[in-house]
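Step one of this worksheet: look at the structure below.
Computed from the coordinates by the stated procedures, all read-outs in this text should not be read as laboratory data. Everything numeric in this text was worked out from a predicted model, so none of it was measured. All Cβ positions, glycine included, derive from the backbone under ideal geometry; neighbour counts span all protein chains shown.
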């Protein structure tokens, strides 16, 4: 048995090292397309800088629009790193290892673009400097900026620490790569030799970061909720906003994790490392989070709908039966109820072909929901503007906002793709260690002896 496990460990090392720098199907096309869309968005942002925020649809009524909605969305999906890396680590879940680095990559990319969104909404990037140097400590906006910066720093550390042993493996085993890559692997490996003392110190550091990163992640999204919950505006002035944002974020992050896993699984031919077990487990987690988020939605909208105060009535009528009835009911039915029903069946959860569309449905619902949190509420102030100019009491995003927002999504995906060009998609040393101790079944690896989907072993020294 030990001999068989050792052979599997060697196979894991050989296969995962061979994925580094691998080109997946139509790589140039997809990277080129994402780059073009992102650059078009950058051009739209430069145009916005020159002409001012007047080129957007934001006015006196709606001073927040797509940009802040995407801030809430990106901050939300960034919580998946804390969920997978911290919560599953604390529970001792063995199947988490192939997911760890993917979750941290999603977190890094999401929190990076979350930090960009407030700058876009400010109009000029130098205002971020003034916010930090002259900001008021009472302002939740300042808390949000500091929390995002802290969370990004912690996530960057947490991404790097488990990468060190893999960098040492790449330094010692990879051949046929450029001199720069050789130097980079050697420099980032920081003289790692794999001694028991080094392993002990590394695991202790990772344990400390796991403890720190979880409350930091929760605080980031809670502070985002406080940005609106601490106002007296109709629909925002509720104490449920904190947990509403946090669990909505976990739900969206779990759905995004399923989608990214499916893309990387096919792109890097990791079919027996990211197997049906992982999708089934994440499907059960997504089911629980979606069901609880539906419960929070019933509380958020059901209680004020029952009381039906005057201000709440105007807002809820507009949301449920007026201008926003189609996106609102799509979120409730298409983004929550239907996924709950579908995910209740194990056949759907364990089938990658079926669970990916369900996760995509949840993801679209989460994006639309962030928009509904921001825009309809701002259109119902306590003191409406008297005789507003045409277009000032409504909000319709312009092509500038759509171009920049689309570039945010493509940039998010492009960052993840490029991040995994020099680094392994799956943590090698932790997966090897877990396979040696627990076997492939506990880790969730499938048909290891089947080489049909195994990557080619270029750049590997036997």
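Between 0 and 90 degrees, the angle of helix 179-188 with respect to the longest Cα principal axis of the chain falls at about 80 degrees. When each of the peptides 179-191, 291-303 is scored by how many other beta carbons lie within 10 Å of its residues on average, the order from highest to lowest is 291-303, 179-191. Nearest 0.05, what FRET efficiency do residue 6 and residue 33 give at R0 = 41 Å with Cβ-Cβ as r? E(calc), rounded to 0.05, equals 0.40. The mean sequence separation of alpha-carbon pairs under 8 Å and at least six residues apart, normalised by the residue count of the stretch 189-303, gives a relative contact order of 22 percent. Extending 7 Å from the Cα toward the beta-carbon at both residue 40 and residue 333 defines two label points whose distance is 3.3 nm.
Shown for the stretch 120-233 is the translational diffusion coefficient from the Stokes-Einstein equation, using the Kirkwood radius over Cα pairs, a temperature of 20 °C and a viscosity of 1.002 mPa s: 124 µm²/s.
Helix-only mean residue ellipticity at 222 nm, the chain, DSSP H runs n ≥ 4 weighted -39,500 (n - 2.57), per residue, nearest 500. What is it?
-22500 deg cm²/dmol
So what's the angle, to the nearest 10 degrees on a 0 to 90 scale, between helix 428-438 and the longest Cα principal axis of the chain? Around 70 degrees separate the two axes. For the stretch 22-120, the relative contact order is 30 percent, taking Cα pairs closer than 8 Å that sit 6 or more residues apart in sequence and dividing their mean separation by the residue count.
Model label sites at residue 392 and residue 364, defined 7 Å from Cα along the beta-carbon direction, differ in position by 3.7 nm. Here each label is just a point 7 Å from Cα along the line to Cβ, and for residue 230 and residue 24 those points are 4.1 nm apart. Each of the peptides 237-243, 339-345 was scored by the mean count of other Cβ atoms within 10 Å over its residues; in descending order, highest first, they stand as 339-345, 237-243.
To the nearest ten degrees, helix 140-160 and the longest principal axis of the Cα atoms of the chain are 10 degrees apart. Compute the Kirkwood hydrodynamic radius of the stretch 1-141, taking the inverse of the mean of 1/r over all pairs of distinct Cα atoms, and give it in Å to one decimal. Answer for the stretch 1-141: a Kirkwood hydrodynamic radius of 19.3 Å.
The stretch between residue 204 and residue 150, if pulled fully straight at 0.36 nm per residue, gains 17.4 nm over its current Cα-Cα span. Normalised by the number of residues in the chain, the average gap of Cα pairs under 8 Å and 6 or more apart makes the relative contact order 35 percent. In terms of its Cα atoms, the stretch 148-294 spans 61, 33, 29 Å along the principal axes, sorted from long to short.
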